[in-house]
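Novice: Quick one: structure below, then a few questions.
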Amino acid sequence: MFNFSFENQTRIHFGEGQITAITNEIPTDAKVLVVYGGGSIKNNGVYDQVVSALQDHRWFEFSGVEPNPNYDTLMKAQAVIKEHAIDYLLAVGGGSVVDGTKFIAAAALFAGDDPWDIVAKQQKVESALPIGVVLTLPATGSETNIGSVVTRDGHKLPFMSPAVRPQFAVLDPAVTLSLSDRQISNGVVDAFIHIMEQYLTYDVNGKVQDRFAEGLLQTLIEEGPKALLAESKDNLDVRANIMWSATMALNGLIGAGVAQDWSTHMIGHELTGTYGIDHARTLSIVLPAVMKVRQEAKHGKLLQYAQRVWHITQGSEEQQIAQAIKLTEEFFQRMAMPIRLSDIELGKSDIDILISKLELHGMVALGEKQQITLAVSRQILEQAL
Ligand code: NZQ
Ligand code: ZN
């Protein structure tokens, strides 16, 4: 395997009732800004639990961070931070709120002229306000990682900085019981594809990473559909296993020392930026096409995936791989996700727009070997029709 340095210092408080842990996590002399989204936390009791845990703190709030957090919204938080001399941010929500809070934290201390340069020009984020997280939607892994994705005028762009890694994250599976089926599906499939982006590349003999990845994939295949079934959807063990899988999927552990792909995500971001499609629903369409178009380059890992994750042993190598791709698509469908562009009413005429967006954003050499040129991305999108 490759050399690597690994660190993930986010302290995790996992389990029912753990929101109380924020009382001791945030210094009592801090001036806290509680950042949240469209209000789901007011309907499911999470807001009340946070208010109760912060009763001895000075705190303010900033709401309205939308899915695929918008730059203009996030910049409005800067005035609140200045006005109240905020020095600690508490994100309460899903990946969008956490990502948005990371951008707010970075923009507050940004030394450059224009905070949009953090994503547009990948200007380095050297420092940021400290962040704590109460996660309400298991999906992105943002609660313990260094990544964030921000959208402005149809441009959806990521940045990474260790400065925005949350100091702590509360993962209470009980707060996920209020999620809609659509958001449950999105979360399970996003996490699944994060694992695939770090697993389905080429073999570097990273046995620990591979077997962790395979275990996480199998857990999501087993537990994901249960969270949609009436008889098991309120089972807290199911929710706990999904929540912990999603965090482990993108906390740096399984990606350390191995090749990583991320082409599905970069192509998917253009679908969200251009058409507003939910993040995970872009991935469930693009990944099967990547598996098919990149079959030769990914042959060894596809076969390993077929045999170890899906226990396929019959047939030629090609047949085993084809069967694994089919089972992956069927899993996504069991999770009520689209698997073709036609499932979301997009067609051939949309491909030129998506390719020009990829070009505009410099996404011209994607994948674990940078072999996914614009021509290959076009093949992938055509395959996804
Ligand atoms: O805004 P509120 O009212 O809270 O409602 C949200 C939102 O409408 C709702 N929700 C969240 N928790 C809930 C709930 N509704 C009921 N009960 C709960 N417990 O769900 C909706 C979607 O939330 P959002 O945060 O957008 O979803 P998700 O967690 O899937 O985050 C998606 C964003 O994360 C980015 C994506 O690109 C997208 O912008 N990603 C971030 C990554 C990272 N930082 O590492 C990696 C990912 O690949 C991804 O790109
Ligand atoms: Zn994702």
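Read the figures in this text as sums done on the coordinates, not as results from a lab. Worth saying up front: this structure is predicted, and the values here are computed from it rather than measured. Please note: Cβ atoms are built from the backbone with ideal geometry, for glycine as well, and neighbour counts cover all protein chains shown.
Novice: Quick one: which of 227-236, 105-114, 22-31, 84-93 comes out on top by average Cβ neighbours within 10 Å, and what's the full order, highest first?
Specialist: My ranking of the peptides, most packed first, is 84-93, 105-114, 22-31, 227-236.
Novice: Okay, next question. Sorted by mean Cβ packing within 10 Å, highest first, what order do the peptides 53-60, 70-77 take?
Specialist: Taking the mean over residues of other Cβ atoms within 10 Å, the ranking is 70-77, 53-60.
Novice: Listing 298, 226 from the residue with the fewest other Cβ atoms within 10 Å to the one with the most, what is the order?
Specialist: 226, 298
Novice: A further question on this structure: State the extension gain, in nm to one decimal, for the chain segment bounded by residue 153 and residue 317, taking 0.36 nm per residue of separation less the distance between their alpha-carbons.
Specialist: In short, 54.5 nm is gained.
Novice: In whole Å, largest first, what are the principal axis extents of the Cα atoms in the chain?
Specialist: 65, 48, 44
Novice: Taking only C-alpha pairs under 8 Å that are 6+ residues apart, what is the relative contact order of the stretch 197-290 in percent?
Specialist: 36 percent
Novice: With a 10 Å cut-off between alpha carbons and a GNM built on the chain, which of 80, 34, 238 moves the most?
Specialist: Result: 80 has the largest fluctuation of those listed.
Novice: Using only DSSP helix segments of four residues or longer, with each worth -39500 (n - 2.57), what per-residue ellipticity at 222 nm results for the chain after dividing by its residue count and rounding to 500?
Specialist: It lands at -13500 deg cm²/dmol.
Novice: Once phi is turned into ³J(HN,Hα) by the Karplus curve 6.51 cos²θ - 1.76 cosθ + 1.60 with θ = phi - 60°, what whole-Hz value does each residue of the stretch 158-175 show in order, with x for glycine and proline?
Specialist: Values per residue, Gly and Pro as x: x, 9, 9, 7, x, 5, 9, 5, x, 6, 8, 9, 9, 10, 10, x, 5, 6 Hz.
Novice: Which cross-chain or sequence-distant (5 or more) residues have an amide H under 5 Å from the amide H of residue 262, H modelled 1.01 Å from N in plane?
Specialist: The list, which skips near neighbours in sequence, is empty: none.
Novice: Would you kindly give the portion of the calculated P(r) for the stretch 266-347 that falls above 21 Å, as a percent of all Cα pairs?
Specialist: Summing the P(r) of the stretch 266-347 above 21 Å gives 34 percent of all pairs.
Novice: Excluding residue 245 itself, calculate the net charge of residues whose Cβ lies under 14 Å from the Cβ of residue 245, where each Lys or Arg counts +1 and each Asp or Glu counts -1.
Specialist: So the surrounding residues net to -4.
Novice: Further, regarding this structure: Amide H neighbours of residue 168 under 5 Å, counting only residues 5+ apart in sequence or on other chains, H built in-plane at 1.01 Å?
Specialist: For residue 168, the qualifying residues are 11, 133.
Novice: Something else now. Once you keep just the Cα pairs under 8 angstrom separated by 6 or more residues, what percentage relative contact order results for the stretch 11-174?
Specialist: It rounds to 28 percent for the stretch 11-174.
Novice: Residue-wise, which Karplus ³J(HN,Hα) couplings in Hz belong to the stretch 189-203, taking 6.51 cos²θ - 1.76 cosθ + 1.60, θ = phi - 60°, and x for glycine or proline?
Specialist: Computed from phi, the couplings for the stretch 189-203 are 6, 4, 4, 4, 6, 4, 5, 4, 5, 9, 10, 8, 10, 9, 6 Hz.
Novice: So what's the angle, to the nearest 10 degrees on a 0 to 90 scale, between helix 263-275 and the longest Cα principal axis of the chain?
Specialist: 60 degrees
Novice: So what's the angle, to the nearest 10 degrees on a 0 to 90 scale, between helix 351-360 and the longest Cα principal axis of the chain?
Specialist: Approximately 60 degrees, to the nearest ten.
Novice: Now a separate question. Kindly write out, for the stretch 31-40 in residue order, the coupling ³J(HN,Hα) from the Karplus curve 6.51 cos²θ - 1.76 cosθ + 1.60 (θ = phi - 60°), rounded to whole Hz, with x marking Gly and Pro.
Specialist: For the stretch 31-40, the Karplus-derived couplings read 9, 9, 10, 8, 10, 9, x, x, x, 4 Hz, x marking Gly and Pro.
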